[in-house]
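To start, the structure under review is shown below, and the notes come after it.
The values are calculated or read from the model by the stated rules, or taken from the named source; none is laboratory data. Since we're looking at a predicted model, the values are computed, not measured. Glycine gets a Cβ as well: all are built from the backbone with ideal geometry, and neighbour counts include every protein chain shown. Ligands, DNA and RNA are stripped out before the accessible areas are found, and what is left, the full protein with its side chains, is counted by its heavy atoms. Shrake-Rupley method; radii C 1.70, N 1.55, O 1.52, S 1.80 Å.
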Amino acid sequence: MKMVTAIVKPFKLDEVREALGAVGVQGITVTEVKGFGRQKGHTELYRGAEYVVDFLPKLKLEVAVEEALLPRVIEAIESAARTGRIGDGKVFVAALDEVVRIRTGETGRSAL
């Protein structure tokens, strides 16, 4: 099992959710986060004053998947979240040693 964590632009959430549903993902956790990468934020004008926005709003998506589904999940996130501009985000994959469904006590793949 793997834990897929993706950082994407907020307006891409619906597209990514639909793409993940199409490949068979049944659950997803979404967290509103702020951060920056290579773009280092940007400047904006507000009432004539220029100021720097260091941390940009992003969404952090977490999906636990079986290893067989991993390539399709990564491709779905990548294609749905891509705009072709800087700041599109990243996908991280980590090993997931154990999963337990609290309600039933199921463990492993059946808990996903």
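When both residues are 6+ apart or on different chains and their Cβ atoms are under 9 Å apart, which pairs have a first residue that lies in segment 79-106 and is touching a residue at least 24 places away in the same chain (Cβ under 8 Å) and on the phi > 0 side of the Ramachandran plot, and a second that is exposed (fewer than 10 other Cβ atoms within 10 Å of the Cβ) and part of a loop (DSSP other than H, G, I, E, B)?
Matching pairs, first to second residue: Gly87/Arg38.
If I ask for residues that are open to solvent by 50 Å² or more (accessible area, probe 1.4 Å) and touching a strand residue (DSSP E or B) at 6+ places or on another chain (Cβ under 9 Å), which ones from segment 95-112 would you list?
Once the filter is applied, which keeps residues that are open to solvent by 50 Å² or more (accessible area, probe 1.4 Å) and touching a strand residue (DSSP E or B) at 6+ places or on another chain (Cβ under 9 Å), segment 95-112 yields Ala95, Glu98, Val100, Arg101, Glu106, Thr107, Leu112.
Please determine whether any residue of segment 37-47 is surrounded by 11 or more Cβ atoms within 10 Å (Cβ to Cβ) and among the aromatic types (Phe, Trp, Tyr).
No, the conditions are met nowhere in segment 37-47.
Could you list, in sequence order, all residues of segment 77-112 that are modelled with pLDDT of 90 or more and of a type in the set (Lys, Arg)?
Arg82, Lys90, Arg101, Arg103, listed by residue number.
I'd like the residue in segment 15-32 that is farther than 13 Å from Ile77 by Cβ and at pLDDT 95 or above and, out of all such residues, is least open to solvent (accessible area, probe 1.4 Å).
Thr31
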